[in-house]
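J.: The structure's right below; bear with me while I get my questions together.
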Amino acid sequence: MLNIIWLLLLVSGIIVAALNGNIEVVSQAALGAARDAVEVCFNLIGIMALWLGIMKIAEKGGLIQLLAYLLNPLLKRLFPSVPAGHPAMGAIVLNLSANMLGLGNAATPFGMKAMQEMQRLNGGSDQASAAMCTFLALNTSCITLVPATIIGIRVSCGSVDPTEIVGACIFATCCASTVAISLDWLLRNLTRPERRKQ
Amino acid sequence: MILKMLDTVSRWAIPFLLLAIPVYGFLKRLPVYETFVEGAEEGFYTAVKIIPFLVGMLVAISVFRASGAMDYAIQAIMPLMQKLGAPAEVMPLALMRPLSGSGALGLATELIKIYGPDSLIGRMASVMQGTTDTTFFVLTVYFGSVGIKRYRYALLTGLSADITGLIASIYVCNLLFN
């Protein structure tokens, strides 16, 4: 699916640019985006290093495992393939909590840690495991209790009640999460991992 | 009240973690600084590992946007979205949201500035921005960091959640604010 979407984005973009007679836009956009992508990754390095360092202390001290153990009754339903008390669970909890609090910067490194732990269980395959798909379904549709950025923009534009949208956001996210979790469950049980292509 | 509390929690969360975890490690007799550095080392490799994935994805999205192909896509879904009760002005934001975080934030800010934060359009833009995440970015970065190339059904689930969030945002805004 991703292969098709990626190709579609590129091909339709280039065709439209050609038909509109501004083909030079394509090269500008492509080269600019390639540079931006590296910048995004470089900006991540420091934040990643900070939180992965802190995570290491929590992990070696047994804090992550404790967190995973405490939330196991809930997590084992969502992630049946991850063993109880596995560090992946602890990282998942931290990622989702950070997401809910609107701490995007801290959420990403926690999420990477969770992915690394799940990749270990996945045997280093280049194909997503069921647990990863569930985690990302939760992550992308996760409730943000404090949508800080958008509230900030509303404040700066002189809103009478900048936080009035929070209830609506929570309602809409709950709908999204419900669909994500049910669809993930359905697809997990209906599909099988592809065989490795030679 | 609850919001004020949540706001305080999110303000204190990072300092709290930075305090609690190292102190906890120290009490557990860990060499805290050495352990920190050992973990931090992974930060660089993880970030670098994402580069090829992100370059691929951002280039495709950027070409799609800049060429004007995205505007045609917006025109195509316009009648459907208007049936759902969305003003034409929020269309570009709706389509941008799963593709590009910074792009969506820019569009939302513009809509809030032009139409005012307390107009229907301004509120709808706020809710859309506050509801869903940038699915393409999240999948690219998270899968990229561990070298996953085949996403299976993850993209389908993520995009279905986005569409649901979008429709729910339109519905709830019309209900509450119109």
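The values are calculated or read from the model by the stated rules, or taken from the named source; none is laboratory data. In this text, all values refer to a predicted model and were calculated from it rather than measured experimentally. Virtual Cβ from ideal backbone geometry, glycine too; neighbours counted across all protein chains shown.
J.: Please name all residue pairs, on different chains or six or more residues apart, with Cβ atoms under 6 Å, provided the first residue is in the stretch A:52-65 and is more than 7 Å from chain B (Cβ to nearest Cβ) and on the phi < 0 side of the Ramachandran plot and the second residue is small (Gly, Ala, Ser) and not in a helix (DSSP H, G or I).
T.: A:Gln65/A:Gly85
J.: While we're looking at this one, here's another question. Can you tell me how many residues in the stretch A:122-150 are β-branched (Val, Ile, Thr) and either assigned to a loop (DSSP other than H, G, I, E, B) or more than 8 Å from every other protein chain (Cβ to nearest Cβ) (or both)?
T.: Step one: list which residues in the stretch A:122-150 are β-branched (Val, Ile, Thr), which gives A:134, A:140, A:143-144, A:146, A:149-150.
Subset that is either assigned to a loop (DSSP other than H, G, I, E, B) or more than 8 Å from every other protein chain (Cβ to nearest Cβ) (or both): A:134, A:143-144, A:146.
Final tally of qualifying residues: 4.
J.: Can you tell me how many residues within the stretch A:85-120 are assigned to a helix (DSSP H, G or I), aliphatic (A, V, I, L, M) and within 11 Å of chain B (Cβ to nearest Cβ)? Working first, answer last.
T.: Of the stretch A:85-120, the ones assigned to a helix (DSSP H, G or I) are A:87-100, A:104-120.
Still in the list and also aliphatic (A, V, I, L, M): A:88-89, A:91-94, A:96, A:98, A:100, A:106-107, A:112, A:114-115, A:118.
Retained after the next criterion (residues that are within 11 Å of chain B (Cβ to nearest Cβ)): A:94, A:98, A:100, A:106-107, A:112, A:114-115, A:118.
Here the count works out to 9.
J.: Checking the condition within 9 Å of another protein chain (Cβ to nearest Cβ), assigned to a helix (DSSP H, G or I), among the aromatic types (Phe, Trp, Tyr) and touching a Pro at 6+ places or on another chain (Cβ under 9 Å), which residue from B:Phe36, B:Phe53, B:Phe44 passes?
T.: B:Phe36
J.: Separate question: Return the only residue of A:Gln116, A:Gln127 being surrounded by fewer than 21 Cβ atoms within 10 Å (Cβ to Cβ) and touching a residue at least 60 places away in the same chain (Cβ under 8 Å).
T.: On the way: A:Gln116 fails: touching a residue at least 60 places away in the same chain (Cβ under 8 Å).
Exactly one of A:Gln116, A:Gln127 is surrounded by fewer than 21 Cβ atoms within 10 Å (Cβ to Cβ) and touching a residue at least 60 places away in the same chain (Cβ under 8 Å), namely A:Gln127.
J.: Assess whether B:Pro98 counts as being under 23 Å from B:Phe136 (Cα atoms), at the interface with chain A (Cβ under 10 Å from one of its Cβ atoms) and not in a helix (DSSP H, G or I).
T.: Working: under 23 Å from B:Phe136 (Cα atoms): yes; at the interface with chain A (Cβ under 10 Å from one of its Cβ atoms): yes; not in a helix (DSSP H, G or I): yes.
So B:Pro98 fits the description; yes.
J.: Looking at the stretch B:147-167, I want the residues that are in contact (Cβ under 8 Å) with a residue 40 or more places away in the chain and at the interface with another protein chain (Cβ under 7 Å from one of its Cβ atoms) and have a partner that is of a type in the set (D, E, K, R) and part of a helix (DSSP H, G or I) with Cβ atoms under 9 Å, at least 6 apart or on another chain. Which pairs are those?
T.: Within 9 Å, the pairs are B:Gly147/B:Lys49.
J.: With the checklist (1) within 9 Å of chain A (Cβ to nearest Cβ); (2) without any contact (Cβ under 8 Å) to a residue 12 or more places away in the chain in hand, flag the one item B:Trp12 doesn't pass.
T.: For B:Trp12, the failing item is (1).
J.: If the requirement is being under 20 Å from B:Arg152 (Cβ atoms), small (Gly, Ala, Ser) and either surrounded by fewer than 23 Cβ atoms within 10 Å (Cβ to Cβ) or more than 7 Å from every other protein chain (Cβ to nearest Cβ) (or both), which of these qualifies: A:Ser177, A:Ser159? Give the derivation first.
T.: On the way: A:Ser159 fails: under 20 Å from B:Arg152 (Cβ atoms).
None of the other options fit; the residue is A:Ser177.
J.: While we're on this one: Go through (1) more than 7 Å from every other protein chain (Cβ to nearest Cβ); (2) surrounded by 14 or more Cβ atoms within 10 Å (Cβ to Cβ) for A:Ile45 and report which single condition fails.
T.: Condition not satisfied by A:Ile45: (1).
J.: Consider the stretch B:122-178. How many of its residues are charged (D, E, K, R) and in a helix (DSSP H, G or I)?
T.: Restricting attention to the stretch B:122-178, the residues satisfying the condition of being charged (D, E, K, R) are B:123, B:133, B:149-150, B:152, B:162.
Within this subset, residues satisfying the condition of being in a helix (DSSP H, G or I) are B:123, B:162.
Total satisfying the criteria: 2.
J.: Against the definition (surrounded by fewer than 19 Cβ atoms within 10 Å (Cβ to Cβ) and either of a type in the set (D, E, K, R) or part of a helix (DSSP H, G or I) (or both)), how does B:Gly106 come out, yes or no? Steps first, answer last, please.
T.: Details: surrounded by fewer than 19 Cβ atoms within 10 Å (Cβ to Cβ): yes; either of a type in the set (D, E, K, R) or part of a helix (DSSP H, G or I) (or both): yes.
So B:Gly106 fits the description; yes.
J.: Right, here's the next one. Provide a single number: the residues in the stretch B:116-135 that are surrounded by fewer than 24 Cβ atoms within 10 Å (Cβ to Cβ) and under 13 Å from B:Ser169 (Cβ atoms).
T.: Final tally of qualifying residues: 2.
J.: Could you please let me know if A:Asp161 is over 21 Å from the mean Cα position of the chain (by Cα) and either within 30 Å of A:Ser129 (Cβ to Cβ) or modelled with pLDDT of 85 or more (or both)?
T.: Yes: the conditions hold for A:Asp161.
Residues are listed down the side, and each one gets a yes or a no for (1) surrounded by fewer than 21 Cβ atoms within 10 Å (Cβ to Cβ); (2) within 22 Å of the chain's Cα centre (by Cα):
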site	(1), (2)
B:Leu18	yes, no
B:Gly25	no, no
B:Leu30	yes, no
B:Phe53	no, yes
B:Gly56	yes, yes
B:Ala60	no, yes
B:Phe64	no, yes
B:Ile74	yes, yes
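J.: Now, a different point. Which condition number in (1) under 27 Å from A:Ser27 (Cβ atoms); (2) more than 9 Å from every other protein chain (Cβ to nearest Cβ); (3) not aliphatic (A, V, I, L, M) is the one that B:Phe136 fails?
T.: Condition (2) is where B:Phe136 drops out.
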